[in-house]
Amino acid sequence: MPSSKPLMTQSSGPTPTSVESALRTLETESSGINALAAALRGPLGEAFAKAVDLIRNAKGRVIVTGLGKSGHMARKIAATLASTGTPAFFVHTAEAAHGDLGMITTDDVIMALSWSGEQPEMKTLVNYSARFAIPMIAVTSNAASSLGQAADIVIELPKAREACPHNLAPTTSTLMQAAIGDAIAIALLEGRGFTALEFAHFHPGGKLGAMLKFVRDYMRTGAEIPVKPLGTKMSDAIMEMSAKGLGCVCIVNDSNEAVGIITDGDLRRHMQKPDLLTVSVDDIMTRQPKTVPPSMLASEMIEVLNTRKITTLVVTEADKVVGIVHLHDLLRAGVA
């Protein structure tokens, strides 16, 4: 039988060459982001603000375009814009001349990414933009380039060294393009007052979609709720707790309002009581249990569970118990 050994072990020896390389890459790329932030505090800030205003006031969509690595970043930026409430899609620069220009309307705004600003393939889009008076934002490192001169607004990214030791492979530059795209998307999101509920409309799938559902989508209701009235003997409460399998029982008054909760932890703390099975739940329960409304977002519910270090929440509406949520249900649903 082969022995089971960890893939990596902690060592106090010299730093591996690959790690030194990774650190150099991150340091170089972070210097590019720092330069971008500094530029935004200066002259670049005015162009950035104009670009955001132009997109916000556009009747149509944002057409993000690029070629090569800039094309990959353009596709990512379009996806980020669309998912945060700004209608956008990607048009490949080279494909534009082969029919994809038909995707662009006079109500749209074109955002063109080109580090050099001198890609020959961009000429078709530049000419189309000029012919139909479609505003164009250039994201480039060279405002004096043909793309920069043709654009209505130029977001000139500061020149920065690539992480590639030959200063050739797009690394720092593409990171800066992605960062400025994120900055534009978030500025638009915040300016529009885009809410988490609106965000949920565009993200119904995956863990993110699960986090953007509501407490009512995960709570147990009706006969599944472990509940007993005030004055119940602990023996009956324990039977209810065992039958419902949630490790707790909610205690309610005559108006079905949650006045207490008994958990496995409460049982352990009172296990030494010789008369535990015959005493009233009133003497054992934790009073004023934490409750949440069914309209609360699942992401907020998780925060409550984590902050209070509990596994169960009672769900109430108009002060009446309508459900209960357990951490295990959230884990099975992929929320937690």
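Restricted to the range 68-86, and to residues that are among the basic types (Lys, Arg) and under 23 Å from the mean Cα position of the chain (by Cα), which residue is most open to solvent (accessible area, probe 1.4 Å)?
Taking the range 68-86 first, the residues among the basic types (Lys, Arg) are 69, 75-76.
Okay, now just the ones that are also under 23 Å from the mean Cα position of the chain (by Cα), so 75-76.
Values: Arg75: 135, Lys76: 77 Å².
The residue in question is Arg75.
Determine which member of the set Ile55, Ile33 is open to solvent by less than 50 Å² (accessible area, probe 1.4 Å), outside any loop (DSSP other than H, G, I, E, B) and of a type outside the set (Gly, Ala, Ser). Break it down into steps so the answer makes sense when it comes.
Working: Ile33 fails: open to solvent by less than 50 Å² (accessible area, probe 1.4 Å).
After ruling out the rest, the residue left standing is Ile55.
Just checking, does the range 34-47 include any residue being of a type outside the set (A, V, I, L, M, F, W, C), within 16 Å of Glu156 (Cα to Cα) and under 24 Å from the mean Cα position of the chain (by Cα)?
Yes, the range 34-47 contains at least one residue that is of a type outside the set (A, V, I, L, M, F, W, C), within 16 Å of Glu156 (Cα to Cα) and under 24 Å from the mean Cα position of the chain (by Cα).
Mind counting the residues in the range 89-123 that are free of Cβ contacts under 8 Å to residues at least 60 places away in the same chain and open to solvent by 50 Å² or more (accessible area, probe 1.4 Å)?
Total satisfying the criteria: 16.
Could you check the range 258-280 and list, in sequence order, the residues that are closer than 21 Å to Thr316 by Cβ and in contact (Cβ under 8 Å) with a residue 24 or more places away in the chain?
We begin by selecting, within the range 258-280, every residue closer than 21 Å to Thr316 by Cβ; these are 258-263, 266.
Once the filter is applied, which keeps residues that are closer than 21 Å to Thr316 by Cβ and in contact (Cβ under 8 Å) with a residue 24 or more places away in the chain, the range 258-280 yields Ala258, Val259, Gly260, Ile261, Ile262, Thr263.
Can you find a residue in the range 58-67 that is open to solvent by 30 Å² or more (accessible area, probe 1.4 Å), in contact (Cβ under 8 Å) with a residue 40 or more places away in the chain and in a helix (DSSP H, G or I)?
No, the conditions are met nowhere in the range 58-67.
Can you tell me which residue is nearest to Asn253 (Cα to Cα) among those in the range 286-308 that are out of contact with any Asp or Glu (no Cβ under 7 Å at 6 or more places or on another chain), open to solvent by less than 50 Å² (accessible area, probe 1.4 Å) and assigned to a loop (DSSP other than H, G, I, E, B)?
Among residues in the range 286-308 that are out of contact with any Asp or Glu (no Cβ under 7 Å at 6 or more places or on another chain), open to solvent by less than 50 Å² (accessible area, probe 1.4 Å) and assigned to a loop (DSSP other than H, G, I, E, B), the one nearest to Asn253 (Cα to Cα) is Pro289.
For the list (1) crowded, with 17+ Cβ neighbours inside 10 Å; (2) at pLDDT 95 or above; (3) not aliphatic (A, V, I, L, M), I need the number of the one condition that Gln149 fails.
(1)
The values are calculated or read from the model by the stated rules, or taken from the named source; none is laboratory data. Small disclaimer: the values here were computed from a predicted structure and weren't measured. In this analysis, Cβ positions are derived from the backbone assuming ideal geometry, glycine residues included, and neighbour counts consider all displayed protein chains. Each accessible area value is taken on the protein alone, full model and side chains, heavy atoms only, with ligands, DNA and RNA left out. Shrake-Rupley method; radii C 1.70, N 1.55, O 1.52, S 1.80 Å.
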